[in-house]
1. Is there a residue being among the aliphatic types (A, V, I, L, M), out of contact with any helix residue (DSSP H, G or I) (no Cβ under 7 Å at 6 or more places or on another chain) and under 18 Å from LYS110 (Cα atoms) anywhere in region 21-28?
2. For region 1-68, which fully contained helices (runs of 4 or more DSSP H) count at least 3 residues that are touching a Lys or Arg at 6+ places or on another chain (Cβ under 7 Å) and more than 14 Å from HIS102 (Cα to Cα)?
3. Are there any pairs with C-beta distances below 6 angstrom linking a residue in region 34-61 that is over 18 Å from ARG8 (Cα atoms) to a residue that is of a type in the set (Asp, Glu) and assigned to a helix (DSSP H, G or I), with the two at least 6 apart or on different chains, and if so which?
4. I'd like to verify a number: residues in region 1-15 that are touching a residue at least 24 places away in the same chain (Cβ under 8 Å), exposed (fewer than 15 other Cβ atoms within 10 Å of the Cβ) and not hydroxyl-bearing (Ser, Thr, Tyr), how many?
5. Looking at (1) of a type outside the set (Gly, Ala, Ser); (2) at pLDDT 95 or above; (3) touching a His at 6+ places or on another chain (Cβ under 7 Å), which one does ILE46 not meet, given that it meets all the others?
6. Can you find, within region 60-91, the residue that is surrounded by the most Cβ atoms within 10 Å (Cβ to Cβ) among those that are among the aliphatic types (A, V, I, L, M) and touching a strand residue (DSSP E or B) at 6+ places or on another chain (Cβ under 8 Å)?
Amino acid sequence: MEAKANLRYARIAPRKVQIVLDLIRNKPVDVAMAIIKNTPKAASEILEKLLASAIANAENNHSMSKDSLYVAECYVTPGPTLKRIRPRAQGRAFSVLKRTSHVTLVLKEKE
């Protein structure tokens with residue numbers, strides 16, 4: 001049995017999210033939440049909400065015990081990139097790529 005939470009179209013680059021996800025992979029949920037709360041990264045805020053959502057899904061939808069949950073899988077894939085233009089000197093224009101992420105968090109119970 002597993003509980004899942006997805007976040008789609010988050011306006012943060014996938015490589016920034018990946019740093020924090022690597023810290024919490026295969027950790028118990030209480031340890032993972034503590035790590036996220038004490039990590040000064042931009043992705044921490046959105047991952048904190050996503051982990052809380054996954055825990056709530058496990059408890060309410062699958063009747064799993066919060067004490068025995070751990071982060072079984074967590075991964076990020078790139079979403080669509082928003083293309084913007086930045087004006088530069090002498091009438092030129094540079095392109096700015098605003099990247100988005102799709103984050104997936106899967107929780108399982110320890111046997």
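1. no
2. Numbers: elements: 14-24, 29-37, 43-62.
The helices (runs of 4 or more DSSP H) meeting that bar are 43-62.
3. ILE36/GLU48
4. Within region 1-15, the first condition is being touching a residue at least 24 places away in the same chain (Cβ under 8 Å), and the residues that meet it are 1-14.
Applying the additional criterion that residues be exposed (fewer than 15 other Cβ atoms within 10 Å of the Cβ) yields 1, 6, 8-9, 11.
Subset that is not hydroxyl-bearing (Ser, Thr, Tyr): 1, 6, 8, 11.
Of the residues in region 1-15, 4 are touching a residue at least 24 places away in the same chain (Cβ under 8 Å), exposed (fewer than 15 other Cβ atoms within 10 Å of the Cβ) and not hydroxyl-bearing (Ser, Thr, Tyr).
5. Single failed check for ILE46: (3).
6. The initial filter retains those residues of region 60-91 that are among the aliphatic types (A, V, I, L, M), namely 64, 69, 71-72, 76, 82, 85, 89.
Subsequent filtering for residues that are touching a strand residue (DSSP E or B) at 6+ places or on another chain (Cβ under 8 Å) retains 64, 69, 71-72, 76, 82, 85.
On the way: MET64: 19, LEU69: 22, VAL71: 21, ALA72: 16, VAL76: 24, LEU82: 12, ILE85: 9.
The extreme case among them is VAL76.
The values are calculated or read from the model by the stated rules, or taken from the named source; none is laboratory data. Computed from a prediction, not measured in an experiment: that's the story for all the values here. Cβ sites come from the backbone with ideal geometry, for glycine too, and all protein chains shown count toward neighbours.
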